[in-house]
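Note sheet for the following structure.
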Amino acid sequence: MFADGAWRLYDPTYAAFYVDARAPEAGALNHDAIVELYRKNPDRVTRINLNYRPGLDSFTGRSIFLKSNPSGVIGPDRPMTFPLELDLCKSSALTKGNFDARYQGASYLGAASTNQQQAWRITCLQPGQAYHFILEPGFLGGDLEVDDRRKFDITARIENDGRSEELARELDFSSGNSQKLTIPFVARKKHIAITLTHPYRGPKYRYLTVSRVSVELVDPDQHSAASTR
């Protein structure tokens, strides 16, 4: 907000703000000043938070300002791509109950208060084995008109041992809940990357919530049939 003649950054979730330890009387710093101090003089940054709730150390502090991409003002016109990982040696599925600080950005795709895309890294795969990456949507939200087509477009880019492939998919919510998003692939190494993007940039909102993400083993014949659809 603009207050006392300057732009200042406040985090309402944690009732937090940042001041310069050498001049705390100057009040809350703006985003660019915080980034500059964290880069050059991190010991001068003092975080003040007036309440505590889970996630404080994950969602505030130096890493948020220096590692976020994008950093600064966000909104429906500025896509953010969240890095996410699914380690099949630990679990083959994540549900919305698991979407904690480690999986920030997994809860929805699309343009709402933020514009979220997802970059999944799938590890502990069996090279040569066929799989399905499956995303199960919850509901479609946003500025939906009465005669809206109730569809959501997704592009999946698969990076698989130096080879790249893009698959376009359309999820249809016209009858209520949508079908699952299924992305077939054959693992060439023990890990691959799948990036999910969408075309929505505002000013109207369009997004879908995510209830579950999983990776399933399939036999090669099933994979070939799915790839032709």
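List of remarks:
- Semi-axis lengths, Å, the range 32-151, gyration tensor of Cα atoms, sqrt of 5 times eigenvalues: 31, 23, 14
- Per-residue extension of 0.36 nm, minus the Cα-Cα distance of A21 and T81, leaves a gain of 18.3 nm for this segment.
- Evaluated at q = 0.09 Å⁻¹: base-10 log I(q)/I(0), Debye formula over Cα of the chain: -0.48
- Surface composition of the chain: carbon plus sulfur atoms hold 48% of the accessible area, using a 1.4 angstrom probe and ignoring ligands, DNA and RNA.
- Each residue of the range 4-12 was assigned a 3J(HN,Hα) from its phi angle through the Karplus expression (A = 6.51, B = -1.76, C = 1.60, θ = phi - 60°), giving 6, x, 8, 6, 9, 9, 10, 9, x Hz with x at Gly and Pro.
- Added length on full extension, which subtracts the Cα-Cα distance from 0.36 nm per residue, D57 to K189: 44.1 nm
- Per residue, the chain exposes 56 Å² of accessible surface when a 1.4 Å probe is rolled over the protein heavy atoms with every protein chain present.
- Here the label points at R169 and L144, each 7 Å from Cα along the C-beta direction, are separated by 1.9 nm in the simple model.
- Helix-derived mean residue ellipticity, 222 nm - over the chain, DSSP H n ≥ 4, -39500 (n - 2.57), to 500: -3000 deg cm²/dmol
- Approximate spin-label separation I48-I64, in nm, with each point projected 7 Å along Cα-to-Cβ: 1.6 nm
- Cα centroid of the range 140-156 to Cα centroid of the range 71-130, whole Å: 20 Å
- Cα gyration tensor shape of the range 5-98, rounded if a/c is under 1.5, else prolate or oblate by comparing a/b with b/c: prolate
- Counting 0.36 nm for each residue step from Y10 to R157 and taking away their Cα separation leaves a gain of 49.3 nm.
- Local electrostatic count, L29, Cβ distance below 11 Å [Lys/Arg +1, Asp/Glu -1]: 0
- Stokes-Einstein D (µm²/s) once Rh is taken as the Kirkwood radius of the range 40-91 over alpha-carbon pairs, at 20 °C in 1.002 mPa s: 151 µm²/s
- Cα-based helix-to-principal-axis angle, 31-40 vs the chain, degrees rounded to 10: 90 degrees
The values are calculated or read from the model by the stated rules, or taken from the named source; none is laboratory data. Computed from a predicted structure; not experimentally measured. Counting neighbours? That spans all protein chains shown, and the Cβs are built from the backbone with ideal geometry, glycine included. With ligands, DNA and RNA removed, areas are computed over all heavy atoms of the protein, side chains included. Shrake-Rupley method; radii C 1.70, N 1.55, O 1.52, S 1.80 Å.
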